[in-house]
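Enquirer: Quick one: structure below, then a few questions.
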Amino acid sequence: MVIKKVFLAVALVVTLIGAQIILREKANPHLGTIEKLYPNEEHFLLKQYPETTFHIRAYEKVMEEMLMFSKNQHARSTGSWVVQGPGNIGARANTVAIDPFNSQNILVGYSEGGLFRTRNGGTTWLPVFDEQTTLSIGDVVYDPINSDIVYAGTGDPNVSGYPFIGNGVYKSTDGGTTWRNIGLKETRIISQVRISKQDNNIIYVSAMGLPFEKNQHRGVFKSNNGGETWQQVLFVNDSTGICDLVVHPGNHNIVYAAGWNRIRNNKKSLVSGPDAKIYKSIDGGATWKTLKNGLPEDLSSRIGIDISASNPNILFACYTHPTNFNLKGVYKSTDGGESWQSLIIGGDTGLEQGIYGGFGWYFGKIRINPNNSDDVFILGVDLYRTVDGGISWEAATPPWWSYEVHADKHDLIFQGSNMFLATDGGVYKANIDNARWEDIENIPTTQFYRVSYNPHSPELYYGGAQDNGTSGGNNLAINDWDRIYGGDGFQSLFHPQNKDIFYVETQNGDISVTSNGGIDFDAADAGIESSDPRNWDMPLMMSHHDPNVLYTGTNRIYRNEGGNTDINWKPISEDLTKPDSDFLRHNISAIHESKLNSDYIISGSSDGQLWVTKDKGSTWDKINTGLPLKYISSVSFSPVFENTIYCSFTGYKDNDNFPHIFKSDNLGKTWRPINGNIPPVAINNILVLPKPNDGDLIGGDLIVIATDAGVYFTNNGGGEWQRLGDNMPSCSRI
């Protein structure tokens, strides 16, 4: 019973790396204000250092070992995790598929949340992909001839700052209940799966390839036997993938593919290039030509393309500008792509270049109503529609900041008289004619960065999430969590003596506070130097000894002693990073204050620097000796032994996807590893609890860690670790 209570507490330290960043025009991120959204291009780099190449073989081996570890009954506890929600906040959905013969059967694929299925039109949903080693879904489609057959392509084709990778194509022959990997593992990111409507054994797949390095596993792949074997039929070059793909509805030998120059690692972010072109084959992929005659021939970023089902000679394409990443142009062909007309943008057309918000590479898709080739939609921050073939446009969804339909549209499909839209906040449905949108899913896959405990409402759970702000609730009202604050949510802190006072944090360390239970918020970062470098997830904590004392860190540690009424942050350290090193970023990534001695504070940085103070910040001692030089993901004092410290590091390395966790019993003078039998996965967070004097648990520290592949704990100082719970899926970014 004691351990089950601990499991519940562990849920409050799990973090999930999301993919959105918000750069403000500086508006208050409270609900209802307008901000500019950009995908996160920094957090991934921080956690990758110092490697330039993501070693995929080692990573894949790690995930397989982790799966075997979690299935071993002796290596995991028997407790179960309980999903608390939220169902109503939403998460990043990449793709949606509707059974062509039964519209009650719907599948939704998430960027890192797996596949969920409903058989009643969205009333209830169940996960159907949780047993796999990857939960990143790029595309899911029903076979147009036999809907018992479903294909899912893995990996996230939007290739944001934290690229989620997959391991090929999966096939189900029972409507999505069970899945089998059928190859193309090396492609790592599948953008589209297209099945012939004449012969369902013929399948085309487009792939972006492993985004971290140049490689040969990009382009278009074809199967003539239902996915049993594959042939690469289009390869542009080792830095160009295929981001969109369409097949002629009446002739599967005619194929169009959109190329995209894309490399994303910790040294380079290639988003545009000369190979962002549309390629066409009329012989089933045997030969290809580059389409010109009205299409851009200079550099471009992501391209979206679609073909009319009612008139396949008509195609539309949208191009993203190579440097400002806004809408570069919209193009229409009425002769099967042989010639193109550039449609007018701006003026009184209702369509502006800024509809992408400066990050068109994150979505950049176009869709045609299969029953009307003049009815066309462009997917961006919001959804835009023309019903006259591109002469005039208007918004097809309410503005994103109203939260009626979430920002950032990734997929739009049509079924009968309805259309279904996948966004960064879930899936919506509308009648094609009236476009009145309704949220059709209550799937709890929200990507939380951090979660919090509120002593005034211990039955509730609170968290800050990717692109979904700060919210709170539990499974008793799983579809009615409260939205508390906007922006990208991070740490929230609750005053233990006054239920009306709590702090929230958004990206890059913007801190706000409420004194009236969330009715109003005020800025709470006065005194923090605006020019200081900050972590995307800037650490923020409340003193264990005085709730009016707060700590945070830029490249130095700050303390606020005035609570919410006299906010005046003051630095209590010099620069605790190493700005002359070759790390990409230099900021504080972890802070902890001892529960036993308020004079003791520890600081860890993104560039591997570890410091401790024994006098509340008057002097600091560097305590790196014997530790790896990597991103410090978490630090913690023991709640039992005053001089004991724990520290974890994270980073990818060839054959060194290692659980770096260390313990010191002398305030950092010496360290020893305590990784024991932890599977080789990176550690992101440490929670240390006092062991209760109950049976075999006799005093000391109970150590709990959140890793890239689950939650683990040890009762014996790291000699043996067990996986916490028997039912958490293999989420690879917690």
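The numbers here are math on the coordinates, done by the rules we state, and not lab data. Keep in mind the model is a prediction, meaning the values are calculated, not measured. Heads up, the Cβs are rebuilt from the backbone with ideal geometry, glycines too, and the neighbour counts pull from every protein chain shown.
Enquirer: When only alpha-carbon atoms count, how far does the stretch 483-561 stretch along each of its three principal axes, as whole angstroms with the largest first?
Expert: Each principal axis gives a Cα extent; for the stretch 483-561 these are 32, 30, 17 Å.
Enquirer: Quickly work out the residue 530-to-residue 438 label distance, labels modelled 7 Å from Cα along the C-beta direction, and quote it in nm with one decimal.
Expert: Going from the residue 438 label point to the residue 530 one covers 4.7 nm.
Enquirer: Please work out how much length the chain gains when fully extended from residue 561 to residue 145, using 0.36 nm per residue of separation minus the C-alpha to C-alpha distance, in nm with one decimal. Each step should come with its number before you reach the end.
Expert: Details: separation 416, 0.36 × 416 = 149.76 nm, distance 6.73 nm.
Additional length available on full extension: 143.0 nm.
Enquirer: Quick one: which residues, 5 or more positions from residue 244 or on another chain, have an amide H under 5 Å from its amide H? H modelled 1.01 Å from N in the peptide plane, none for Pro or chain starts.
Expert: Residues meeting the amide H criterion: 258.
Enquirer: Which shape class applies to the stretch 629-688: rounded if a/c is under 1.5, otherwise prolate when a/b exceeds b/c and oblate if not, where a ≥ b ≥ c are the square roots of the Cα gyration tensor eigenvalues? Intermediate results must be reported in sequence, preceding the final value.
Expert: On the way: a/c = 2.06, a/b = 1.97, b/c = 1.05.
Because a/c hits 1.5 or more and a/b exceeds b/c, the stretch 629-688 counts as prolate.
Enquirer: Further question: How many angstrom separate the Cα center of the stretch 186-233 from the Cα center of the stretch 440-463?
Expert: The two parts, judged by their Cα centres, are 38 Å apart.
Enquirer: Turning to a different aspect of this structure: Can you tell me the order of 84-91, 513-520, 555-562 when each peptide is scored by its average per-residue count of other Cβ atoms within 10 angstrom, highest first?
Expert: Values: 84-91: 24.6, 513-520: 14.6, 555-562: 21.2.
Those peptides, ordered most packed to least, come out 84-91, 555-562, 513-520.
Enquirer: Of 591, 528, 601, how do they rank once you tally other Cβ atoms within 10 Å and put the fewest first? Present the calculation step by step, with values, prior to reporting the outcome.
Expert: On the way: 591 20, 528 23, 601 27.
Sorted ascending by nearby Cβ count, the order is 591, 528, 601.
Enquirer: Multiply the residue separation of residue 459 and residue 216 by 0.36 nm, subtract the distance between their alpha-carbon atoms, and state the gained length in nm to one decimal. The partial results should precede the final answer.
Expert: Working: separation 243, 0.36 × 243 = 87.48 nm, distance 5.15 nm.
That works out to 82.3 nm of additional length.
Enquirer: Using Cα pairs under 8 angstrom and six or more residues apart, how large is the relative contact order of the stretch 453-554, in percent? Intermediate results must be reported in sequence, preceding the final value.
Expert: Details: 202 pairs, mean separation 17.6, N = 102.
It rounds to 17 percent for the stretch 453-554.
Enquirer: Arrange 482, 174 by Cβ neighbour counts within 10 Å, fewest through most, would you?
Expert: On the way: 482 15, 174 11.
By the 10 Å Cβ count, ascending, the order reads 174, 482.
Enquirer: Given a Förster radius of 30 Å and the C-beta distance between residue 578 and residue 548 as r, what FRET efficiency does 1/(1 + (r/R0)^6) yield to the nearest 0.05? Walk me through the intermediate numbers first.
Expert: Numbers: r = 32 Å, r/R0 = 1.08.
The value I calculate is 0.40.
Enquirer: Per-residue counts of other Cβ atoms within 10 Å, averaged by peptide: what ranking do you get for 462-471, 182-191, highest first?
Expert: Working: 462-471: 27.5, 182-191: 23.7.
Order by mean packing, descending: 462-471, 182-191.
Enquirer: Now a separate question. Nearest 500 deg cm²/dmol is fine: what mean residue ellipticity at 222 nm does the chain get from its DSSP H runs of n ≥ 4 alone, each adding -39,500 (n - 2.57), divided by its residue count? The partial results should precede the final answer.
Expert: Numbers: 3 runs with 31 residues, N = 734.
Using -39500 (n - 2.57) per qualifying helix, the result is -1500 deg cm²/dmol.
Enquirer: Another question about this same structure. What percent do you get for the relative contact order of the chain when only Cα pairs under 8 Å and 6+ apart count? Don't jump to the answer; show the numbers that get you there.
Expert: Details: 2182 pairs, mean separation 87.2, N = 734.
Computed value for the chain: 12 percent relative contact order.
Enquirer: Pairs of Cα atoms under 8 Å, at least six residues apart: use those to get the relative contact order of the stretch 139-226, whole percent.
Expert: On the way: 222 pairs, mean separation 20.9, N = 88.
Relative contact order, the stretch 139-226: 24 percent.
Enquirer: So for 349, 287, 650, fewest C-beta neighbours within 10 Å to most, what's the order? Write out the running numbers ahead of the final one.
Expert: Working: 349 16, 287 11, 650 25.
With the sparsest Cβ surroundings first, the list reads 287, 349, 650.
Enquirer: Net charge near residue 436: determine it from the other residues with C-beta under 13 Å of the C-beta of residue 436, scoring Lys and Arg +1 and Asp and Glu -1.
Expert: Computed value for this residue: -3.
Enquirer: Let me ask another. How many nm is it between the label spots at residue 297 and residue 629, if each spot is 7 Å from the Cα in line with the beta carbon?
Expert: 5.0 nm
Enquirer: Based on Cβ point charges of +1 for Lys and Arg and -1 for Asp and Glu, what charge dipole magnitude is obtained for the stretch 206-262 about its Cα centre, in debye rounded to the nearest 20? Walk me through the numbers on the way to the answer.
Expert: On the way: 4 positive and 4 negative charges, 15 e Å.
So the dipole magnitude of the stretch 206-262 works out to roughly 80 debye.
Enquirer: Here's another thing I want to ask about it. I need the calculated FRET efficiency for the pair residue 80 and residue 251, taking r as the beta carbon distance and R₀ as 35 Å, to the nearest 0.05. The partial results should precede the final answer.
Expert: Details: r = 52 Å, r/R0 = 1.48.
Once the sixth-power term is evaluated, E becomes 0.10.
Enquirer: Amide H to amide H, which residues 5 or more places from residue 237 or on other chains are under 5 Å from it, using H placed in the peptide plane?
Expert: The list, which skips near neighbours in sequence, is empty: none.
Enquirer: To the nearest 20 debye, what is the magnitude of the charge dipole of the stretch 562-661 about its Cα centre, counting +1 on the Cβ of each Lys and Arg and -1 on the Cβ of each Asp and Glu?
Expert: In debye, rounded to 20, the stretch 562-661 gives about 140.
Enquirer: Sticking with this one: For the chain, take N as its residue count and report Rg(C-alpha) divided by 2.2 N^0.38 Å.
Expert: On the way: Rg = 25.7 Å, N = 734, 2.2 N^0.38 = 27.0 Å.
This ratio for the chain stands at 0.95.
Enquirer: Which of the peptides 224-230, 274-280 is most tightly packed, and how do the rest follow, going by the mean number of other Cβ atoms within 10 Å of each residue? Each step should come with its number before you reach the end.
Expert: Details: 224-230: 15.4, 274-280: 20.6.
Per-residue mean Cβ counts within 10 Å order the peptides as 274-280, 224-230.
Enquirer: What residues of the stretch 234-276 lie in the reach of a label at residue 339, counting those whose backbone N is under 19 Å from a point 7 Å from the Cα along Cα→Cβ?
Expert: Taking a point 7 Å out along Cα→Cβ of residue 339, no residue of the stretch 234-276 has its backbone N under 19 Å.
Enquirer: Grab the Cα-Cα distance for residue 672 and residue 480, subtract it from 0.36 nm times how many residues apart they are, and report the gain in nm with one decimal.
Expert: Numbers: separation 192, 0.36 × 192 = 69.12 nm, distance 4.59 nm.
64.5 nm is the gain from fully extending residue 672 to residue 480.
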